[in-house]
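Everything on this sheet refers to the single structure shown next.
The values are calculated or read from the model by the stated rules, or taken from the named source; none is laboratory data. These numbers come from a predicted model, not from an experiment. Here Cβ is always computed from backbone atoms with ideal geometry, including for glycine, and neighbour counts include all displayed protein chains. Ligands, DNA and RNA are excluded from the accessible area calculation, which covers all protein heavy atoms including side chains. Shrake-Rupley method; radii C 1.70, N 1.55, O 1.52, S 1.80 Å.
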Amino acid sequence: MDLGIRGKRGLVCAASKGLGRGCAEALAEAGVNLVINSRTESEITRTAREIAERHGVEVIPVAADITTGEGRARVLEAIGHADILVTNAGGPPPGDWQDWSRDDFIRAIDANMLSAVALMQALVPGMMDRGWGRVVNITSGSVRSPISVLGLSNTARTGLTGFVAGMSRQVAGKGVCVNNLLPGIHSTDRADSLDQGVASAKGITMTEAREQRQATIPTGTYGTPEDFGAACAFLCSQQARFIVGQNLLLDGGALNVTI
């Protein structure tokens, strides 16, 4: 399918690996010129070169922490204007609700809610002026089904979801579609870290911990960054013009609900 976005300009955050890279790859395959960022210069530079060579598009790497004002300023300077924005930031560490301080919550909200809001405030007005735009926020399946040890993430990402629910309806009339992608368990460093935590707590191997989690997923497997990227690219397409303020869950059927 031709997504109709060849020649568009997009920003994909935290794109050196994992789900962010999956989104960047899929958008580049559709012909989108990109600015991508991550914190590590060597990684993001290599990723940009590989994506550009594979898909024949312009890919500008920016080494910056998107959760800081300084980092966002560097990325926004590089992108200028964007037709497509994919927000993404690593989640806070797992823990116990009794141990989290106010500072822990503020850090999580800054990273996983307010950084995305700031990027939308910076780039969406231009999309509205030009009459076309797409925003995809990478949140978490925990928005629909909270994960007890990820309470900091549950809190921050649910806040972002509430913001998007209202804001997306306000900008849709200007041709801008804002939606959220909710990953379940995908084969990423984040999943490896969580599996390692389970393995250590239970005194089992990483393989055993992964097999136990895979058994809870109807597909019997973890998702892949490629699966996720394809969904992201579709939400950024011309064909997605009637999808507004939605939360698309990609979890292999793990959440057992009717609606």
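Residues that are over 14 Å from the mean Cα position of the chain (by Cα) and among the β-branched types (Val, Ile, Thr) were ranked within region 197-240; the one that is modelled with the lowest pLDDT is VAL198. Residues that are closer than 26 Å to ARG134 by Cα and of a type in the set (Val, Ile, Thr) occur in region 187-197; there is at least one.
Only one entry of LEU194, LEU248 meets the criterion of being in contact with a helix residue (DSSP H, G or I) (Cβ under 9 Å, 6 or more places away or on another chain), in contact (Cβ under 8 Å) with a residue 24 or more places away in the chain and assigned to a strand (DSSP E or B), and that entry is LEU248.
State all residues of region 1-29 that are open to solvent by less than 50 Å² (accessible area, probe 1.4 Å), farther than 19 Å from ILE138 by Cα and among the aliphatic types (A, V, I, L, M); if no residue qualifies, say none. Selection gives LEU3, ILE5.
Kindly indicate the residue of region 141-160 that is modelled with pLDDT of 95 or more and touching a strand residue (DSSP E or B) at 6+ places or on another chain (Cβ under 9 Å) and also surrounded by the fewest Cβ atoms within 10 Å (Cβ to Cβ) among those meeting that condition. Residue satisfying both the conditions and the ranking: LEU160.
Scan region 159-172 and tell me whether some residue there is touching a Cys at 6+ places or on another chain (Cβ under 8 Å), under 26 Å from ALA108 (Cβ atoms) and outside any helix (DSSP H, G or I). No; the residues of region 159-172 include none that is touching a Cys at 6+ places or on another chain (Cβ under 8 Å), under 26 Å from ALA108 (Cβ atoms) and outside any helix (DSSP H, G or I). The listed residues are LEU123, LEU182, LEU119, and the only one of them that is buried (at least 19 other Cβ atoms within 10 Å of the Cβ) and assigned to a strand (DSSP E or B) turns out to be LEU182.
Looking at region 184-196, is at least one residue at pLDDT 95 or above and over 17 Å from the mean Cα position of the chain (by Cα)? The answer is no, given that none of the residues of region 184-196 is at pLDDT 95 or above and over 17 Å from the mean Cα position of the chain (by Cα). Applying the condition of being within 17 Å of GLU41 (Cβ to Cβ) and in contact with a Gly (Cβ under 7 Å, 6 or more places away or on another chain) to region 55-89 and asking which residue is surrounded by the most Cβ atoms within 10 Å (Cβ to Cβ) yields ALA64.
Does any residue of region 222-245 turn out to be open to solvent by 30 Å² or more (accessible area, probe 1.4 Å) and aromatic (Phe, Trp, Tyr)? The answer is yes; a qualifying residue exists. Within region 126-137, the set of residues being of a type outside the set (S, T, N, Q) and open to solvent by less than 10 Å² (accessible area, probe 1.4 Å) comprises MET127, GLY133, ARG134, VAL135, VAL136. Tell me yes or no: at least one residue of region 102-109 is in a helix (DSSP H, G or I), open to solvent by less than 40 Å² (accessible area, probe 1.4 Å) and in contact with a Pro (Cβ under 7 Å, 6 or more places away or on another chain). The answer is yes, given that some residue of region 102-109 is in a helix (DSSP H, G or I), open to solvent by less than 40 Å² (accessible area, probe 1.4 Å) and in contact with a Pro (Cβ under 7 Å, 6 or more places away or on another chain). Select from region 30-44 the residues that are among the β-branched types (Val, Ile, Thr) and surrounded by fewer than 16 Cβ atoms within 10 Å (Cβ to Cβ) and list them in ascending order. Selection gives THR40 alone.
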